[in-house]
Amino acid sequence: MKPQFKRVENYIKPGKWHWLKAVLWSVITLRFFIDLIRLLAYYSVNCIVGRQQATIGKNCKIHPTVMLRQPTMIKIGDHCSINHNNIFQAGDKPERSHSATMF
């Protein structure tokens, strides 16, 4: 037995643009923009400002996800490579310098 469907008159099927607008309207809300602003502020404070204030030597390759906390106290030597998701935290007082070798 074949299924019987009722034909509905005067029904207009929504097109692709209707569904695209509905999805964008549900995703892009005021909360989206608030979270985007917070994310940009967090990234600029932790990643961009830290590199501007730290002392970084010549020919250094530092990945964009590296965070430098208290960057005025951080000194990175020449020819360094610092990869993904590292966090450099300096102390409160510049008491003595430390030399670290990472492999």
Query raised in the report: About its Cα centre, how strong a charge dipole does the chain have in debye, to the nearest 20, once Lys and Arg get +1 and Asp and Glu get -1 at the Cβ?
Result: 640 debye
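When a/c is below 1.5 the answer is rounded, else prolate if a/b is larger than b/c, else oblate, so apply that to the range 15-57 with a ≥ b ≥ c taken from the square roots of the Cα gyration tensor eigenvalues.
Here the range 15-57 falls in the prolate category.
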Query raised in the report: Under a straight-distance cross-link criterion of Cα-Cα below 30 Å, which lysines are reachable from residue 61, leaving out those fewer than 8 residues away in the same chain?
Result: 75, 93
Report summary line: the chain, Gaussian network, Cα under 10 Å: of 84, 63, 18, the residue fluctuating most is 18
Requested in this report: Place +1 on the Cβ of every Lys and Arg and -1 on the Cβ of every Asp and Glu in the chain, take the dipole about the Cα centre, and give the residue among 15, 70, 89 whose Cα lies farthest towards its positive end.
Outcome: 15
Report task. Please compute the net charge surrounding residue 80, taking Lys and Arg as +1 and Asp and Glu as -1 over other residues with Cβ under 15 Å from its Cβ. Result -> +3
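With charges only on Cβ, +1 for K and R and -1 for D and E, what is the dipole size of the range 23-82 about its Cα centre, in debye, rounded to 20?
In debye, rounded to 20, the range 23-82 gives about 100.
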Report task. Sum -39500 (n - 2.57) across every DSSP H segment of at least 4 residues in the chain, then divide by the residue count to get the 222 nm mean residue ellipticity, nearest 500. Result -> -9000 deg cm²/dmol
Requested in this report: Based on the mean of other Cβ atoms within 10 Å per residue, sort peptides 50-58, 67-75 so the most packed one is first.
Outcome: 67-75, 50-58
Query raised in the report: Tilt of helix 30-43 relative to the longest C-alpha principal axis of the chain, in degrees (0 to 90, nearest 10)?
Result: 20 degrees
Query raised in the report: In degrees, nearest 10, range 0 to 90: what is the angle between the Cα axis of helix 16-27 and the longest Cα principal axis of the chain?
Result: 40 degrees
Report task. Work the Kirkwood hydrodynamic radius out for the chain: mean of 1/r over every pair of different alpha-carbon atoms, inverted, in Å. Result -> 18.6 Å
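No lab work stands behind these numbers, since they all come straight from the coordinates. Small disclaimer: the values here were computed from a predicted structure and weren't measured. Using ideal geometry, Cβ is built from the backbone for each residue, glycine included, and neighbour counts are taken over all protein chains shown.
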